[in-house]
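In what follows, a single structure is set out as structure tokens and then discussed.
The values are calculated or read from the model by the stated rules, or taken from the named source; none is laboratory data. These figures come from a predicted structure and were not determined experimentally. Positions of Cβ are generated from backbone atoms using ideal geometry, with glycine treated the same way; all protein chains shown enter the neighbour counts.
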Amino acid sequence: MTQPASPETRPRVTITYCIGCNWLLRAGWMAQELLQTFQDQLGGVTLVPGEMGGIFEIHLDDVLIWDRKRDGGFPDVKELKSRVRDQIEPDRDLGHIDRSLKG
């Protein structure tokens, strides 16, 4: 049986949020959802207070997987989990989330 990767070598998510817009709670909730779903696959989720007006970006290591300005608002949790899954474990079934995205 293969040992899981250590937390130091697992992918990390960084959520940068606008402090002026009071988006800390939204960022924290998304971090919690990701950690709950990908607890064995992620090395951590870091919240970064942003200095740019209106910033809300989510990176998985060096890959920008969500940008509020580029992608039009905030991701719903289904979309966010799917984008993370597609990067770290594309064949993984997310259960009811996948079924609701497909139909």
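There is no residue in the stretch 38-47 that is assigned to a helix (DSSP H, G or I), polar (S, T, N, Q) and modelled with pLDDT under 95. Taking the criterion of being in contact (Cβ under 8 Å) with a residue 40 or more places away in the chain, closer than 14 Å to residue 12 by Cα and either surrounded by fewer than 16 Cβ atoms within 10 Å (Cβ to Cβ) or not hydrophobic (A, V, I, L, M, F, W, C) (or both), the residues of the stretch 39-84 that qualify are 41, 57, 59, 61, 81.
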